[in-house]
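The values are calculated or read from the model by the stated rules, or taken from the named source; none is laboratory data. Since we're looking at a predicted model, the values are computed, not measured. Heads up, the Cβs are rebuilt from the backbone with ideal geometry, glycines too, and the neighbour counts pull from every protein chain shown. Each accessible area value is taken on the protein alone, full model and side chains, heavy atoms only, with ligands, DNA and RNA left out. Shrake-Rupley method; radii C 1.70, N 1.55, O 1.52, S 1.80 Å.
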Amino acid sequence: MKAAAFDYHRATSVDDAIQQLGAADDAKVLAGGQSLVPLLAMRLARPTVLVDLNRLADLAYVRRENGELAIGALTRHRTVETAELVRRDVPLLADALAHVGHVTIRNRGTIGGSIAHGDPAAELPAVAVALDATFRLRGPGGERSVAAGDFFFGYLMTALEPDELLTEIRWPVLPQGTGCAVEELTRRNGDFALVAVFAALTMGADGVCTQARISVAGAAAAPLRADNAEQALIGSRVSAADAGAAADRLAAATDPPNDIHAPADYRREMAAVLGRRAIQRAWAQANRTNAGE
Amino acid sequence: MSDHVNGAAEGTVANKVPVTITVNGRTHRADCEPRTTLADFLREDLGYTGVHLGCEHGVCGACTVQLDGSTARSCCMLAVQADGSEVTTVEGLAEDGQLHPLQEAFWNRHGLQCGFCTPGMLMTACELLADNPDPSAEEIREGISGNLCRCTGYQFIVESIQEAAPKMRPAT
Ligand SMILES: Cc1cc2nc3c(=O)[nH]c(=O)nc-3n(C[C@H](O)[C@H](O)[C@H](O)COP(=O)(O)OP(=O)(O)OC[C@H]3O[C@@H](n4cnc5c(N)ncnc54)[C@H](O)[C@@H]3O)c2cc1C
Ligand code: FES
Ligand code: FES
């Protein structure tokens, strides 16, 4: 288990990184290395050049800008998970990060790396899809923004071009009266999810749901936005029956993989169970927030 | 400053890169190939064989070290990336021939059998207790869930960490 030989370039700026990516045929970006270095060791990835972003300190930040939270692509999972701003403004992201691997993995893994890797069972792509995050990408032709909903195509396939860098992820701040919940099924603590549901529900003071954001990981070739379940909840009081019906809709929309880890039917059934739990927990938390608890 | 290191075409030996790192307070300088992991560099080039390699792809935790103050899997990073960093391996825990409180507790409580997972367990437990000085058994289990042990069944490891916790808490 040793990587094949490659060249190594320590990027000195974003532009330098982009230039290096364009200069070689199979160059690859190295961020936290928590997915890429194992792939190198197994020789599932055999780049000719690695462009290391780790010294680009200006790609690591969490700041509030125009009602959004802007997080630099190189910010470590653990930094984001423990950031006060994230806990306050986008708590679903902090909750989800606690499910990514283990602390040691999160010390090194980066937000941008998780998004760029695009694993359909990973937490961050699914949260980004639920919350309508936007990704800022930079390439030789300049900068563009892509909505999370348009970014993930399929297993490890994204809208990123080979010579583009993901530089920033922008998260809309969740409104007052929002409750969040993550429900995840794994065989062992820290594993990738067999299925996971991410929910953020906003409840009005009158007890009626005004906004619902729900997504599922591990349920299709790309993270799945459960818009049918969201529509069923908005305008309702989120009774137990409403939650169950919405979760059934969510499960019906999944197209889960059938693999050695779990059969598709089992994953679909678990999507319904986890969906109901996530919706009910998010609802209860939103009501507690509204009650000033 | 741009520093591009030329590696090599398939099958040939890449140009070596100079790497300077401080391990357990001692500064080392050695040359290595870009593809060399920090784990292999520590073991093979610098002789810190307390860094154990189980899976070489991030899942067993045996190779866990502290890198600039937080834990990292040394099989999941390249030695070149650690250039300029400070690393602590299990060899750096004991001071002046005196076992670290965690080592003492592992010894006392039979927290190891074959000892293969132990360096990684100790490094992980150090960080766990620094973050959470009074963890419950449940929190300890969660904290070490990324470190696999094939011998102990974990119970004695949990008890060892529980025993060490009060000794590592700053006096109040
Ligand atoms: C034991 C273990 C358990 C894990 N468990 C989980 C889990 O439960 N859930 C989960 O989501 N993940 C899990 N992971 C993976 C982990 O989250 C990775 O850190 C993450 O997927 C990749 O982030 P990274 O910064 O390490 O990226 P790297 O490994 O450095 O890169 C990953 C990919 O993204 C590309 N890339 C990285 N940054 C950029 C950028 N800014 N622009 C363009 N391309 C970029 C790289 O070229 C590469 O293709 C686990 C990993 C391990 C080792
Ligand atoms: S050898 Fe590094 S995690 Fe297994
Ligand atoms: S003591 Fe043998 S693997 Fe843990």
Search result, residues across region B:27-53 that are open to solvent by less than 50 Å² (accessible area, probe 1.4 Å), more than 16 Å from ligand 3 (Cβ to nearest atom) and closer than 20 Å to B:Leu122 by Cα: B:Leu38, B:Ala39, B:Asp40, B:Leu42, B:Gly47, B:Tyr48
Evaluation of B:Ile157 against (1) more than 16 Å from ligand 1 (Cβ to nearest atom); (2) closer than 22 Å to B:Asp45 by Cα; (3) not assigned by TED's automatic domain parsing to the domain that holds B:Thr37 (one fails), failing number: (2)
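Yes/no matrix, rows are residues, columns are (1) assigned to a strand (DSSP E or B); (2) of a type in the set (S, T, N, Q); (3) surrounded by fewer than 24 Cβ atoms within 10 Å (Cβ to Cβ):
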site	(1), (2), (3)
A:Leu160	no, no, yes
A:Val216	yes, no, no
A:Ala219	no, no, no
A:Asn228	no, yes, yes
Residues located in region A:186-213, provided they are outside any loop (DSSP other than H, G, I, E, B) and more than 17 Å from A:Glu269 (Cα to Cα): A:Ala199, A:Ala200, A:Leu201, A:Thr202, A:Met203, A:Cys209, A:Thr210, A:Gln211, A:Ala212, A:Arg213
Where a residue in region A:139-150 is aliphatic (A, V, I, L, M) and its partner, wherever it lies, is surrounded by 12 or more Cβ atoms within 10 Å (Cβ to Cβ) and assigned to a helix (DSSP H, G or I), with Cβ under 7 Å and at least six apart: A:Ala148/A:Ala128; A:Ala148/A:Val129
Selected residue (criterion: nearest to the other protein chains (Cβ to nearest Cβ)) from residues of region B:43-53 that are within 16 Å of A:Ala41 (Cβ to Cβ) and not in a loop (DSSP other than H, G, I, E, B): B:Glu44
Positions within region A:25-35 being crowded, with 18+ Cβ neighbours inside 10 Å and either among the small types (Gly, Ala, Ser) or away from chain B (no Cβ under 11 Å) (or both), in sequence order: A:Ala27, A:Lys28, A:Val29, A:Ala31, A:Gly32, A:Gly33, A:Ser35
Filter result for B:Ala39 (closer than 30 Å to B:Val17 by Cα, over 13 Å from the mean Cα position of the chain (by Cα), within 16 Å of ligand 2 (Cβ to nearest atom) and within 14 Å of another protein chain (Cβ to nearest Cβ)): no
Filtered residues of region A:36-71 (kept if of a type in the set (Asp, Glu), more than 10 Å from every other protein chain (Cβ to nearest Cβ) and in a strand (DSSP E or B)): A:Glu65, A:Glu68
